[in-house]
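Visitor: I have a structure here, written as structure tokens, and I will follow up with some questions on it.
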């Protein structure tokens, strides 16, 4: 009698122990499958570590998960006849399988796998399927948000660009002519080449470019950076039919190309637009003369201070000068060697006038920088 009672009690304890193992396995997987930010491969690798803990003979239990082109399995996994599997299914489509194997022979009266273990495996497959489905939905939603943001940004840019063109007193039909040809340039790609035939007048719609004079032995002189919305190569409109300088995209750019003869017609037929072009030319000429004066009359400290102020106020309209502007570009804009420019920047950082980090150069004391520019 006692032996039967002891046997029944042992069976109850064994069942409770198996239930506990199954529940702990499910809890750990639930916690893991709430991590939607980790790579899917990492989730599967951690899953094959957790799943065997829910089976009776965990030390002999190995797992293999094939899903979405991945094949993840436990160390020491061997395909044997002592196996059970479940499909990972989303919307009636099988996207993967989970396979459980015991890697050594077992002699068990009640069968290799318990009914509860088969149900557990099915539950795990369903949980992984729901995780994948939800992760895909999150990805689709995020991509849609990004797409909408980009679309909104493009619409805003388009509207702003057209408003700017209207402010130049261009008519709707003239604006349509300007918008007719739009070309995208990659970062570092040449936009125009010094000495080449000038076929187009360009208007920068998006991005950032630099204009520079090419010299001998790879020495050049940056004389301006161009941001939206501005003209490129207007100096080629009359006179010599060549580009007088080279231009390069510092960031990905979109540029409107207007045939030279078409642009001349716009100027000839629209007096108000012609006046705006003359105003633009006066501003640009004054800016270039100011830069030449700084290069001719200022010391290294004043030159660098002048360049930092120019980039901050005219190009980025912020105290942060983005890292897309290289030290070489800044040095050429200041008319000095890269080594000298870097040394001055280090001194300004040491004096806590600027801060240099991965985002770029941050101006901490604009008033002092302006003073250095004046007395430099």
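What follows is calculated from the coordinates using simple rules that are stated; it is not laboratory data. All figures in this text were calculated on a predicted structure; none of them were measured in a lab. With ideal geometry, Cβ positions are generated from the backbone for all residues, glycine too; neighbour counts draw on all protein chains shown.
Visitor: If you build a Gaussian network model of the chain, linking Cα atoms that sit under 10 Å apart, which residue out of 364, 60, 348 swings the most?
Guide: Its mean-square fluctuation being the largest, the pick is 60.
Visitor: Taking all pairs of different Cα atoms in the stretch 18-124, averaging 1/r and flipping that mean, what Kirkwood radius in angstroms comes out? Write down the numbers at each step before the final one.
Guide: Values: mean 1/r = 0.0701 Å⁻¹.
The Cα-based Kirkwood calculation yields 14.3 Å.
Visitor: Which angle from 0 to 90°, rounded to the nearest 10, does the C-alpha axis of helix 2-32 make with the longest principal axis of the chain?
Guide: The angle comes out near 10 degrees.
Visitor: Using 1/(1 + (r/R0)^6) with R0 = 41 angstrom and r between the beta carbons of residue 350 and residue 268, what's the FRET efficiency to the nearest 0.05? Don't skip to the end; give the middle numbers.
Guide: Working: r = 56 Å, r/R0 = 1.36.
Once the sixth-power term is evaluated, E becomes 0.15.
Visitor: For helix 271-297, report the angle its Cα long axis makes with the longest principal axis of the Cα atoms of the chain; keep it between 0 and 90° and round to the nearest 10°.
Guide: 90 degrees
Visitor: In µm²/s, what is D for the chain at 25 °C and 0.890 mPa s, where D = kT/(6 pi eta Rh) by Stokes-Einstein and Rh is the Kirkwood radius from Cα pairs?
Guide: Details: Rh = 27.1 Å.
Reported coefficient: 90 µm²/s.
Visitor: Oh, and also: As an exercise, use a Förster radius of 45 Å and the Cβ-Cβ distance of residue 357 and residue 175 to find the FRET efficiency, rounded to the nearest 0.05.
Guide: Numbers: r = 41 Å, r/R0 = 0.91.
So the FRET efficiency works out to roughly 0.65.
Visitor: Still on this structure, I have one more. Rank these for me by crowding, 46, 283, going from fewest to most other beta carbons within 10 Å.
Guide: 283, 46
Visitor: Just to confirm the number: angle between the C-alpha axis of helix 40-50 and the first principal axis of the chain, 0 to 90 degrees, nearest 10?
Guide: Its long axis makes an angle of about 20 degrees.
Visitor: For the chain, calculate the relative contact order in percent as a whole number, restricting contacts to Cα pairs under 8 Å that are 6 or more residues apart.
Guide: Values: 528 pairs, mean separation 37.8, N = 376.
In percent, rounded to a whole number, it is 10.
Visitor: From the helices alone, meaning DSSP H stretches of at least four residues, give me the mean residue ellipticity at 222 nm for the chain, per-run term -39500 (n - 2.57), in deg cm²/dmol to the nearest 500. Don't skip to the answer; put the middle values down first.
Guide: Numbers: 10 runs with 182 residues, N = 376.
Helices in the chain give a 222 nm mean residue ellipticity of -16500 deg cm²/dmol.
Visitor: Taking the chain as a Gaussian network, where each spring joins two C-alpha atoms under 10 Å apart, which residue of 42, 230, 184 fluctuates the most?
Guide: 42
Visitor: Figure the gain on full extension for residue 45 and residue 279 (residue separation times 0.36 nm, minus the Cα-Cα span) and round it to one decimal in nm. Numbers along the way, then the final one.
Guide: On the way: separation 234, 0.36 × 234 = 84.24 nm, distance 6.54 nm.
Going from the current span to full extension adds 77.7 nm.
Visitor: Considering the Cα positions of the stretch 298-376, please state its Rg to one decimal place and its Dmax as a whole number of Å.
Guide: Spelled out, the Cα radius of gyration and Dmax of the stretch 298-376 are 10.9, 30 Å.
Visitor: Run the numbers on the stretch 241-332 and let me know its relative contact order in percent, using alpha-carbon pairs under 8 Å that are six or more apart. Walk me through the numbers on the way to the answer.
Guide: Numbers: 24 pairs, mean separation 18.3, N = 92.
Reported as a whole number, the value is 20 percent.
Visitor: Here is a further query. Can you give the FRET efficiency to the nearest 0.05 for residue 296 and residue 26, using r as the Cβ-Cβ distance and R₀ = 51 Å?
Guide: About 0.10, to the nearest 0.05.
Visitor: Taking the chain as a Gaussian network, Cα atoms linked when under 10 Å apart, which of 159, 297, 92 shows the biggest mean-square fluctuation?
Guide: Maximum among the listed residues: 92.
Visitor: Need one number: nm distance between label points at residue 364 and residue 251, each 7 Å from Cα along Cα→Cβ, rounded to one decimal.
Guide: With each label point 7 Å from Cα toward Cβ, the separation is 2.6 nm.
Visitor: If I model a spin label as a point 7 Å beyond the Cα along the Cα-Cβ vector, how far apart are those points for residue 158 and residue 241 in nm?
Guide: 3.5 nm
Visitor: With a cut-off of 19 Å, note down the residues of the stretch 177-201 whose backbone N falls inside the zone around a label point 7 Å from the Cα of residue 146 toward its beta carbon.
Guide: 187
Visitor: Please work out the C-alpha center-to-center distance from the stretch 32-109 to the stretch 306-347 and express it in whole Å.
Guide: 57 Å
Visitor: Report, to two decimal places, the Cα Rg of the stretch 190-261 normalised by 2.2 N^0.38 Å (N = number of residues).
Guide: Numbers: Rg = 11.7 Å, N = 72, 2.2 N^0.38 = 11.2 Å.
The value comes to 1.05.
Visitor: Taking the Cβ of each residue in 311, 345, 70 as the centre, tally the other Cβ atoms inside 10 Å and list the residues starting with the fewest. Display every interim value, and only then the final one.
Guide: On the way: 311 23, 345 20, 70 12.
Arranged by neighbour count, lowest to highest, 311, 345, 70 become 70, 345, 311.
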